[in-house]
Amino acid sequence: MNTKYKHGANRLLRFTATMIAIMLFILPLTGCLYPKENLKQNVAPKEAIRNVQGAIDQYYSDLKLLPILNSGQDVPKYEKFRIDFPKLQSKNYMSSPPTAAFENGGNYYFIIIDEDTKPRVKLMDIVSFQKMNDIQNWVKLHIQDGGVLPKKDAMYPGFYEIDYAMMNQKAPTISSVFSGQTLRALIDDNGVVYTDYGIDIMQLIQKNGTVNEDENFDLRSLLVDSSDFVPVKAPIYKLINGEPVAVHS
């Protein structure tokens, strides 16, 4: 009985050792089974911006046009010119939209700014965009149901903190792509909802030490020029008494 037990134990050990060896051989290969898919998920937005910017520059140089989607006159400045990737693809300037793009399952709209001077590619955060649209829809439905404007204290002249309780809603968390800070939404007397980037702009002013004090200078450009992003649903900001103040156009 002892001999049989010993032989059985030896066979079990050999079997276990063999299985461990097989697993050690397989595991390193699992990361290589779908290399294209893994690589696809790791394309950085900055790399995507550079690639799209190169395609835009070449397209414009060759055709004297910009590959952008049509938009109405009332579309805000930093939402107005979304890149039309099918136009770039149809003329072989790009094989496919970058994985960071909404059109390919990503979290960003690719936007063109400075379209009349030197077109630049920037990103719009879709998560923030959708949250602001949700708030706007809450306000619209609340007013349609006979509710008064859901506003609280004035944050700037004509811009107010939103009263979410009045709409039976909770304030969503809106994270700034510029600073990572939580931002608040504002509402004006017409029921239009905005994102308040005042704190981000003030931090940039403090960091830079100087700022254009021209009364017509739109402080939102500080956000755009210092990052790869555009602000979402942001009002115009002017420098008043050394601080950024939201104003109507």
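Values in this text are rule-based calculations from the coordinates and carry no lab data. Please read these numbers as outputs of a predicted model, since none were measured by experiment. For neighbour counting, all protein chains shown are included, and Cβ atoms are generated from backbone atoms with ideal geometry for every residue, glycine included.
Using a Förster distance of 51 Å, how high is the FRET efficiency between residue 53 and residue 143, based on the Cβ-Cβ distance and rounded to 0.05? Don't skip to the end; give the middle numbers.
Values: r = 41 Å, r/R0 = 0.81.
Rounded to the nearest 0.05, the efficiency is 0.80.
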In the structure displayed, which of 77/118; 80/118; 46/77; 46/80; 64/238 lie more than 25 Å apart, Cα to Cα?
64/238
Using Cα-Cα distances under 8 Å and only pairs 6 or more residues apart, what relative contact order does segment 150-205 have, in percent?
26 percent
In whole Å, what are the extents of segment 42-125 along the principal axes defined by its C-alpha atoms, from largest to smallest?
36, 29, 20
Tell me the label-point distance for the pair residue 216, residue 116, using the 7 Å Cα-to-Cβ offset, in nm and rounded to one decimal.
1.1 nm
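Can you give the local net charge around residue 128? Use residues other than it whose beta-carbon is closer than 11 angstrom to its beta-carbon, Lys and Arg +1, Asp and Glu -1. Write down the numbers at each step before the final one.
Numbers: positive: 131, 233; negative: 125, 134.
Around residue 128, the surrounding residues sum to 0.
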Please give the length that would be gained between residue 62 and residue 202 if that part of the chain were fully extended, namely 0.36 nm times their separation in residues minus their C-alpha to C-alpha distance (nm, one decimal).
46.3 nm
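Grab the other residues whose beta carbon is less than 10 angstrom from that of residue 236, score K and R as +1, D and E as -1, and report the net. Don't jump to the answer; show the numbers that get you there.
Numbers: positive: 77, 220, 238; negative: 218.
Value of the local net charge: +2.
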